[in-house]
1. State the number of residues belonging to segment 246-268 that are more than 22 Å from the chain's Cα centre (by Cα) and crowded, with 17+ Cβ neighbours inside 10 Å.
2. Where the second residue is small (G, A, S) and at pLDDT 95 or above and the first is assigned by TED's automatic domain parsing to the domain that holds S175 and lies in segment 201-226, which pairs have Cβ atoms under 6 Å and are six or more apart or on separate chains?
3. Taking strands (runs of 3 or more DSSP E) that do not extend beyond segment 360-470, which have at least 3 residues that are out of contact with any Ser or Thr (no Cβ under 6 Å at 6 or more places or on another chain) and closer than 23 Å to P93 by Cα?
4. I need a count of the residues in segment 176-206 that are out of contact with any Gly (no Cβ under 8 Å at 6 or more places or on another chain) and assigned to a loop (DSSP other than H, G, I, E, B).
5. Search segment 227-245 for residues being outside any helix (DSSP H, G or I), in contact with a strand residue (DSSP E or B) (Cβ under 8 Å, 6 or more places away or on another chain) and not hydrophobic (A, V, I, L, M, F, W, C), and hand back the single one that is surrounded by the most Cβ atoms within 10 Å (Cβ to Cβ).
6. Taking segment 325-363 as the search range and keeping residues that are under 20 Å from A116 (Cβ atoms) and either hydrophobic (A, V, I, L, M, F, W, C) or in contact with a Lys or Arg (Cβ under 6 Å, 6 or more places away or on another chain) (or both), which one is surrounded by the fewest Cβ atoms within 10 Å (Cβ to Cβ)?
7. Do the conditions hold for V295, that is, is it crowded, with 22+ Cβ neighbours inside 10 Å, among the aliphatic types (A, V, I, L, M) and assigned by TED's automatic domain parsing to the domain that holds N119?
8. With part of a loop (DSSP other than H, G, I, E, B), touching an Asp or Glu at 6+ places or on another chain (Cβ under 9 Å), exposed (fewer than 15 other Cβ atoms within 10 Å of the Cβ) and among the polar types (S, T, N, Q) as the only criterion, which of S122, S134, S127 stands out?
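The values are calculated or read from the model by the stated rules, or taken from the named source; none is laboratory data. Please read these numbers as outputs of a predicted model, since none were measured by experiment. Positions of Cβ are backbone-derived with ideal geometry, glycine not excepted, and every protein chain shown enters the neighbour counts.
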Amino acid sequence: MRKLLLAAFLVSSMAYGQTNTFSVAGKKALVYTTADNTGLRLAVTDTLSFKELPQPVETEVCIFVDPSKSFQALLGIGGAITDASAEVFAKLPKDEQQELLTAYYNPQKGIGYTIARTNINSCDFSSDTYTYVSDSDKTLSSFSVEHDKKFRIPLIKDAMAAAGGKLILFCSPWSPPAWMKTNNDMLHGGKLKTEYYQTWASYFVKFIKAYEKEGIPVWGVTIQNEPMATQTWESCVYTADNEKVFLKNALGPAFAKQGLADKKIIVWDHNRDLLYQRASTLLNDAQAAKYIWGVGFHWYEDWSGGTQMFSNVALVHEAFPNKNLIFTEGCNDKFQIGDISNWSHGERYGRSMINDFNNGAVGWTDWNILLDERGGPNHVGNFCFAPVHANTKTGELTYTSSFYYIGHFSKFIRPGAKRVAAASSRSPFLTTAFLNKDGKLAVVVMNQSDKTIAYKLWIAGKAADVTALPHSIATIVM
């Protein structure tokens, strides 16, 4: 079996606490690299030392980092534990199950995920369409999460244990039960009937309390996955005004009354294209805004993988600096088995993560953590890629470039880390940097070009010489 390649990670012995200043004086920096057409996967490829360089010249390629200028703190990085992921996981041999859990959630031996997302009721990445209540049970007296106890709840508990005992878990509905909707169908869009706003809010409450009774703390919820999309799978349309009214008149008050005021509520949970319109409509209403922790967004505004609308993320951050931004879902779609090793899949993650963090995001959540050899299971044939795929016939795990690109952030940039100023002097390079609470600085540098490029990492008048391989991502830790 092809085993996961991960470099040993040095755990800092420094006291835990945010440093006020950072200096490279006397420090050595380790370079961890993942590169196309090589065997390098989160591998230590160099040890850097810094020399005096008061002023770089324009002919030198540079990455400039200024740790004295800090911005948002990182909430965490992770992926979704869907029905599909849990069903595939259950088919794996025990050794491969443990391998996957370690790979994703162990911060030393793996990439240290700290966030998880899961679905309320079924989604496209479920094997069937289901809810937690009997048909037309307006009192919700039949509510039960028994369905989830077979696969999903056990995997969430295993992931929590592998992550050291806890995960930041947020939960998203794709659709209310059909009888609550205008089209009497969980699929194909439709809208939540206004007479069921309070009932649907109570449904959220029951879900949270049921999961917490199972020993799974729920950190927060999104109101609706992709609320402007009418899909062939589970979907429900909310205009910005619909979402605002449901939040301020039903969901927010229900959480407050039921002792769940500490649960974080994320609005939008859809693409960057309409991000500002949705955020401004909700956040400019004081009665709605008081319940909102932040605004979630996806990357599907351009399915062709072309230009992403990162400037909309920046605009929301600038306009509403006291609210949080979190990437809640992204994946590479249109699964084809021969495309599983496509390097551009990982580069799409790196490009998005760097730009989203640099524009103010505090967290980043991938879609399915695990799918099978067909990119499923999925009850409507909407197959896609995941960072890890399992062959359910042989038990073999395949770690794609996406897994490693995400790992260059999640492994080295830990919750509570503060983003610091980082800039590139050449367009083939993308970069971001974070100062961790233990005092370690992590600088991510992505080379999108076909060329090997030498550059200088410049920090406060000192510089180190670094080489970036073609189509590579590196994290420099010091």
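1. Here the count works out to 9.
2. Hits for this filter: A201/A250; A201/A254; V205/A254; T222/S172; T222/G296; N225/S172.
3. So the answer is 397-399.
4. Residues flagged as out of contact with any Gly (no Cβ under 8 Å at 6 or more places or on another chain) and assigned to a loop (DSSP other than H, G, I, E, B) within segment 176-206 amount to 9.
5. Within segment 227-245, the match that is surrounded by the most Cβ atoms within 10 Å (Cβ to Cβ) is E234.
6. Per the stated criteria, the residue is V362.
7. In short, yes.
8. Step by step, each of S122, S134, S127 is checked, and only S127 is part of a loop (DSSP other than H, G, I, E, B), touching an Asp or Glu at 6+ places or on another chain (Cβ under 9 Å), exposed (fewer than 15 other Cβ atoms within 10 Å of the Cβ) and among the polar types (S, T, N, Q).
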